[in-house]
Amino acid sequence: MTDLSTQPVAPQDSSTAGAEWWRSAVIYQIYPRSFADASGDGVGDLQGIASRLPQVAELGVDAIWLSPFYRSPQKDAGYDVADYRDVDPIFGTLDDFDRMLETAHGLGLRVIVDLVPNHSSSEHVWFQEALAAAPGSEARSRYIFRDGKGESGELPPNNWQSVFGGPAWTRVPDGQWYLHLFDSSQPDFDWNHPAVGDMFVDVLRFWLDRGVDGFRVDVAHGNAKAPGLPDVDEELLAAGSMDSPYFGQEHVHEIYRRWHLVLEEYEGDRVLCAEAWVQPLEKMARFVRPDEMHQAFNFVYLETPWDAQRLRTVIDESIEAFGAVGAPPTWVLSNHDTIRHRTRLALVPPPTHGAGIGATSESKADPTVSLRRGRAATMLMLALPGSAYIYQGEELGLPEVTAIEDHQRQDPTFARTQGALWGRDGCRVPIPWEAAAPAYGFNASGDSWLPQPPEWAALARDAQDGVAGSTLELYRLALRLRQELSLGTGTLEWIDVGPTALSFRNGSVTVVANLGHDAVDVPRGEILLTSSPLDSASLAADEVVWVRTGA
Ligand code: TEU
């Protein structure tokens with residue numbers, strides 16, 4: 001292991017309250033399996049990430065967030081952690097992590113790592129101990145083991161379903177059942193057991209001591225379950241309610257208050273970012289009250305269709321809800337769980353959450369419309385005040401991949417639903433760096449854990465680099481302007497431009513987005529950026545413009 005005492009840690013002076021970096025940061029999500037593969041085994045790794053960080057820094061983002069790279073049997077692409085304090089050999093070593101972190105800090109990039117506290121892998125030593133121990137034992141009480149219902153306990157303890165399909169309970173040979181809200185290889189911890197909370201505080205410290213700038217907290221809404229584990233009201237669930245006995249329980253917040261204090265012991269503005277799929281926005285904002293986390297992904301925004309009025313409402317409600325607790329609004333369009341927004345926003349009919357799309361899906365997106373719309377949506381998002389997330393590959397305009405054969409699919413969702421849901425593989429395909437290289441420069445061997453489509457040669461980074469009007473250049477310019485014009489720390493003031501368009505001022509910039517079919521006037525002033533080349537003096541469908549209208 002590297003001697004940390006000799007390692008430079010980025011200068012991390014704490015800012016005055018209200019001026020912390022994360023309030024306006026653009027955070028770039030790296031999905032380690034699919035970013036860059038130095039070893040050539042077809043799965044990305046930490047050395048690969050380090051080698052490509054200059055290109056991330058040069059894009060103009062403030063921070064990176066890495067999806068899990070911990071020891072894991074990879075049953076859920078690393079969200080099944082067997083050892084929270086070690087790197088999985090497919091990604092490298094702790095030394096590789098330290099070097100990657102040093103490289104990132106040297107480039108001025110903050111580093112956020114993923115923390116998965118709702119469940120571990122079934123290969124975690126605690127779960128192995130629990131399996132070997134008797135019902136009712138101490139070892140079992142760190143997870144959620146229960147006797148079943150029915151005459152001989154042959155029925156699951158309640159009616160909860162796994163997010164990935166099928167029952168949320170699996171029976172072990174002695175007859176007890178254990179809870180897993182996700183795959184059966186991901187047993188849920190029992191957060192009532194004090195050892196669980198203590199272990200995660202140690203894990204936080206382990207990575208904070210190494211110098212990370214914060215954590216993205218997986219399933220932050222799930223750690224606390226309702227006492228007695230009551231059945232889900234299936235009528236409520238069918239009606240789309242997010243209220244459930246396992247998500248968004250009030251006592252989950254105690255956990256984050258404790259973590260907040262741990263982060264405060266460290267120099268610099270360390271950050272906790274909640275992955276909390278709860279609604280409405282006021283409920284999500286409870287995760288970012290002043291003594292809890294700092295940011296929460298705005299999934300309500302992500303799930304809003306390309307509709308002017310609905311977007312205006314969600315933007316207003318987000319600024320209001322997060323602002324009411326002193327937290328920044330956040331904006332996100334894509335991540336490793338959702339259909340890439342370049343495709344999603346143009347799908348007809350619209351997709352269902354979590355279902356994914358495949359080659360024979362009913363939902364289709366016209367490629368031309370989808371690229372215009374995807375670029376427009378990004379320009380709208382990056383003009384909003386607050387913090388924004390970018391998912392690797394969206395700066396290349398990558399579409400969701402549908403050409404994945406059944407036998408190549410890896411997301412447990414596909415197997416657990418017997419193929420009824422495609423799952424998330426289509427947004428996780430290794431990204432293209434070089435048009436003419438093996439695996440498009442993902443590695444030197446040409447291997448790739450998910451197949452890369454042939455049409456990605458044209459989208460490779462080197463095919464877009466320096467090419468005026470390319471999606472890569474659009475992202476670069478938008479990020480530079482966002483920074484120069486302080487859009488992230490600005491305020492938003494709406495201008496009325498009719499029912500199917502949006503316009504607002506943010507500081508010296510006026511933004512106009514045309515989400516309808518009628519042409520919309522471009523305001524007078526210096527045109528700073530357009531999401532696609534303007535054919536006339538007005539804005540056509542699916543176009544966004546940033547105009548300098550003030551000093
Ligand atoms: O996701 C939590 C979650 O609820 C999402 O799984 C979402 O509802 C689903 O992907 C359908 O879109 C987190 C991680 O981001 C995800 O990758 C993991 O699979 C999951 O937790 C379990 O750790």
Criterion: in a helix (DSSP H, G or I) and in the same structural domain as R344 (by TED's automatic domain parsing) - qualifying residue of D462, D447: D462
Do we have D86 as surrounded by fewer than 18 Cβ atoms within 10 Å (Cβ to Cβ), more than 15 Å from the ligand (Cβ to nearest atom), outside any loop (DSSP other than H, G, I, E, B) and free of Cβ contacts under 8 Å to residues at least 40 places away in the same chain here? yes
Being in contact with a strand residue (DSSP E or B) (Cβ under 8 Å, 6 or more places away or on another chain) and away from the ligand (no atom under 13 Å from the Cβ) is the filter here; which residues of the stretch 101-116 pass it? L101, A104, H105, L109, R110, V111, I112, V113
Among the residues of the stretch 391-407 satisfying the criterion of being away from the ligand (no atom under 16 Å from the Cβ) and not in a loop (DSSP other than H, G, I, E, B), which is surrounded by the most Cβ atoms within 10 Å (Cβ to Cβ)? E395
Inspect the stretch 408-419 for any residue being crowded, with 21+ Cβ neighbours inside 10 Å, more than 16 Å from the ligand (Cβ to nearest atom) and not basic (K, R) and give the result as yes or no. no
When residues of the stretch 2-13 are limited to those that are in a loop (DSSP other than H, G, I, E, B) and touching a Lys or Arg at 6+ places or on another chain (Cβ under 9 Å), the one modelled with the highest pLDDT: Q12
Just to be sure I understand the filter: pairs with C-beta atoms under 8 Å, separated by 6 or more residues or on different chains, first member in the stretch 258-278 and closer than 17 Å to S387 by Cβ and in the same structural domain as R216 (by TED's automatic domain parsing), second member surrounded by fewer than 16 Cβ atoms within 10 Å (Cβ to Cβ) and acidic (D, E). Which pairs pass? G268/D13
Residue that is farthest from the ligand (Cβ to nearest atom) [pool: residues in the stretch 303-344 that are closer than 30 Å to P430 by Cβ and part of a helix (DSSP H, G or I)]: R342
Evaluation of P117 against (1) touching a helix residue (DSSP H, G or I) at 6+ places or on another chain (Cβ under 7 Å); (2) without any contact (Cβ under 8 Å) to a residue 60 or more places away in the chain; (3) assigned to a loop (DSSP other than H, G, I, E, B) (one fails), failing number: (2)
In the stretch 419-433, the residues that are in contact (Cβ under 8 Å) with a residue 60 or more places away in the chain and assigned to a loop (DSSP other than H, G, I, E, B): A420, L421, W422, G423, R424, R428, V429, P430, I431, W433
How many of the residues making up the stretch 55-83 are closer than 22 Å to F127 by Cβ and within 13 Å of the ligand (Cβ to nearest atom)? 12
Can you name the strands (runs of 3 or more DSSP E) wholly within the stretch 160-221 that have at least 2 residues being at pLDDT 95 or above and over 22 Å from the mean Cα position of the chain (by Cα)? 169-171, 177-179
Restrict the check to the stretch 47-54 and report whether at least one residue is modelled with pLDDT of 95 or more and within 16 Å of the ligand (Cβ to nearest atom). no
Single unsatisfied condition, L237 versus (1) without any contact (Cβ under 8 Å) to a residue 12 or more places away in the chain; (2) assigned by TED's automatic domain parsing to the domain that holds E138; (3) within 16 Å of the ligand (Cβ to nearest atom): (2)
Residue within the stretch 149-156 that is farther than 15 Å from D231 by Cβ, basic (K, R) and not assigned by TED's automatic domain parsing to the domain that holds R409 present: no
Can you tell which of R312, R375, R289 is in contact (Cβ under 8 Å) with a residue 12 or more places away in the chain, closer than 22 Å to A458 by Cβ, in the same structural domain as Y256 (by TED's automatic domain parsing) and not aromatic (F, W, Y)? R375
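Yes/no matrix, rows are residues, columns are (1) buried (at least 24 other Cβ atoms within 10 Å of the Cβ); (2) at pLDDT below 95; (3) of a type in the set (D, E):
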residue: I255; (1), (2), (3): no, no, no
residue: W259; (1), (2), (3): no, no, no
residue: E265; (1), (2), (3): no, no, yes
residue: R270; (1), (2), (3): yes, no, no
residue: Q279; (1), (2), (3): no, yes, no
residue: M284; (1), (2), (3): yes, no, no
residue: P290; (1), (2), (3): no, no, no
Filter the stretch 121-143 down to the residues that are surrounded by fewer than 18 Cβ atoms within 10 Å (Cβ to Cβ) and within 16 Å of the ligand (Cβ to nearest atom) and list them by number. E123
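Pull up the stretch 106-120, narrow it to residues that are closer than 15 Å to W207 by Cα and not β-branched (V, I, T), then point me to the one that is surrounded by the fewest Cβ atoms within 10 Å (Cβ to Cβ).
D114
The values are calculated or read from the model by the stated rules, or taken from the named source; none is laboratory data. Treat the numbers as computed from the prediction; the structure is a model and nothing was measured. Glycine also receives a Cβ, built like all others from the backbone with ideal geometry; neighbour counts cover every protein chain displayed.
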